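Here's the structure, in structure tokens; my notes come after.
Values quoted throughout were computed directly from the atomic coordinates according to the rules given, and no laboratory measurement underlies them. Just so you know, these numbers come straight off a predicted model, no measurement behind them. Backbone-built Cβ (ideal geometry, glycine too); neighbour counts: all protein chains shown.
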Amino acid sequence: MTASSNPTRAAVGGTLVLAVVLLAGPVPLPAQEAPEKQERERAELPPLTATVSPEEALAAIKRRAKKILEARREARRLKCSGELTQGLGYETNPSNGSSHKGDTYFEESAYLNLSKKLTPTLDWSGTYSGNYLKYLDYGDGDYTDHTLTPAKLRWRPGKMWRVEGWSDIEYNYYPKGKDSTYRNWKIAGRIRQNLYESWFHQFQYEWFIRDYVTKMARDGGGADTRNTRLDIRHRIRYKVGTTVKKALLSVENEYYWNDSNDARTDFYDSQVWKFTGSASGNVTKKLYVSGSCAFERKNYEHRTVSGINAEARYDDKTTLSSSAIYTVNDTWKVSPSLQFDHLASNESTGEYDNMKYALTVTASF
């Protein structure tokens with residue numbers, strides 16, 4: 001008996017062929033779905049060797065199409081996440097001067113992130129971060145900081161490229177050292193290219209304007225003017241990195257120049273070059289470690305050292321840092337860190353060493 005002599009069997013066979021063609025296509029599932037869930041979805045479809053009616057095959061196809069549509073909608077929904085952190089630390093020289101040595105501090109911070117996929121290649125995110133730091137004795141170092149990033153766009157035109165742009169609005173308040181309180185507005189852009197399978201390099205440009213709320217700009221004679229101190233800074237950053245056995249290695253060169261309206265020997269005008277090498281990676285599934293070494297040279301354009309010599313001041317700062325993050329579960333993380341700063345200068349009164357120890361506990365939601 002041929003297929004043409006049995007219309008019912010032909011219909012069933014044609015339907016099964018259609019089902020196989022539609023269901024066998026590589027339809028990607030959301031990344032957060034576990035393999036167990038994928039197996040459960042496959043179990044809902046009838047085995048290819050089963051004899052099913054055209055109605056049953058069509059219903060299975062519709063269920064599959066509905067799940068794919070729901071997954072795509074879920075990927076474009078507004079997502080929200082955040083963190084709360086409590087930290088305890090100790091610094092050997094937090095005031096960067098010989099008059100104060102050693103102090104304990106407490107630090108609380110909050111972070112909130114909203115994100116949404118606008119198109120398959122364009123993402124939007126908005127973030128807020130707040131930070132409060134309090135020393136036991138060194139009151140001038142206490143501060144509260146709020147930073148809002150209302151719009152950060154990330155565009156992926158292809159597998160090899162990523163382009164990002166964002167703007168930050170920051171308010172940093174010092175309750176006792178009020179002259180250090182400032183408002184800051186920054187605009188930044190970054191372009192990254194992936195090279196081969198494990199290499200990447202990226203270029204970043206930042207521009208910001210910082211307005212000090214109470215500190216006044218000085219004229220050439222050193223007297224306060226009616227204008228608050230205003231700094232404008234440009235920063236260029238270039239970074240190269242690679243992955244070696246699941247460890248990320250990177251080197252970054254950074255250059256920026258600061259221009260202030262303080263006319264007293266252009267006291268705050270400077271040019272800075274910074275070099276940073278870092279390594280990070282997972283030791284186990286729950287333990288992540290990182291370390292870095294940075295060297296920074298700051299050349300003041302017109303600010304001179306004290307004494308008879310009238311040479312321009314320069315500072316050389318070396319920073320060594322290391323940290324670890326242990327993930328207890330999906331909610332809690334514990335992170336110890338250690339940082340050492342050494343500043344050498346041709347202005348002896350500006351030199352200092354500072355060791356910073358910290359332990360933080362983070363709750364994610």
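Counting only trypsin sites (Lys or Arg not before Pro) that sit in a DSSP loop (anything but H, G, I, E, B) with at most 10 other Cβ atoms within 10 Å, what is the longest stretch of the chain containing none of them? Mind dumping the intermediate values first?
On the way: sites that count: Arg77, Lys159, Lys245, Lys246, Lys285.
Of all site-free stretches, the longest is 160-244.
For the pair Ser115 and Thr242, a Förster radius of 22 Å applied to the C-beta separation gives a FRET efficiency near 0.20, rounded to the nearest 0.05.
In the range 184-257, which GluC sites (Glu not before Pro) are in a loop and have at most 12 other Cβ atoms within 10 Å, using DSSP for the loop call? Walk me through the intermediate numbers first.
Values: sites: Glu197, Glu206, Glu252, Glu254; in loops: Glu197.
Filter output for the range 184-257: Glu197.
Only one item in (i) -0.49; (ii) -0.60; (iii) -0.36 matches log10 I(q)/I(0) by the Debye sum over Cα atoms at q = 0.08 Å⁻¹ derived from the coordinates shown, and that item is (ii).
Taking amide H as placed 1.01 Å from N in the peptide plane, Ala247 has no amide H partner under 5 Å among residues 5 or more places away or on another chain. Relative contact order for the range 79-364: 13 percent, from Cα pairs under 8 Å spaced at least 6 residues apart, divided by residue count. For Asn282, what charge total do you get from the other residues with a beta carbon under 13 Å from its beta carbon, if Lys and Arg give +1 and Asp and Glu give -1? Taking every other residue near Asn282 into account, the sum is +4.
If you take the square roots of the eigenvalues of the alpha-carbon gyration tensor of the range 282-365 and sort them as a ≥ b ≥ c, do you get rounded (a/c under 1.5), prolate (a/b over b/c) or oblate? It is prolate, given that a/c is not under 1.5 and a/b is the larger ratio.
What shape does the range 118-229 take by its C-alpha gyration tensor, where a ≥ b ≥ c are the square roots of the eigenvalues and a/c under 1.5 counts as rounded, a/b above b/c as prolate, and the rest as oblate? Let's see the in-between values first.
On the way: a/c = 2.77, a/b = 2.12, b/c = 1.30.
Prolate, because a/c is 1.5 or more and a/b exceeds b/c.
Could you work out [θ]222 nm for the chain from helices alone, using -39500 (n - 2.57) per DSSP H run of at least four and dividing by all its residues? Round to the nearest 500 deg cm²/dmol. Roughly -4500 deg cm²/dmol at 222 nm, from the helical runs in the chain. Under the membrane-span-like helix rule (DSSP H runs whose alpha carbons stretch at least 20 Å along the helix axis, mean Kyte-Doolittle hydropathy 1.0 or higher), the chain yields 7-23.
Proximity of backbone amide H atoms, modeled 1.01 Å from N, is registered between Tyr143 and Leu133 at under 5 Å, excluding neighbours fewer than 5 places apart on the same chain. Cross-linked pairs Lys246/Lys333; Lys79/Lys285; Lys117/Lys333: Cα-Cα separations exceed 23 Å for Lys79/Lys285; Lys117/Lys333.
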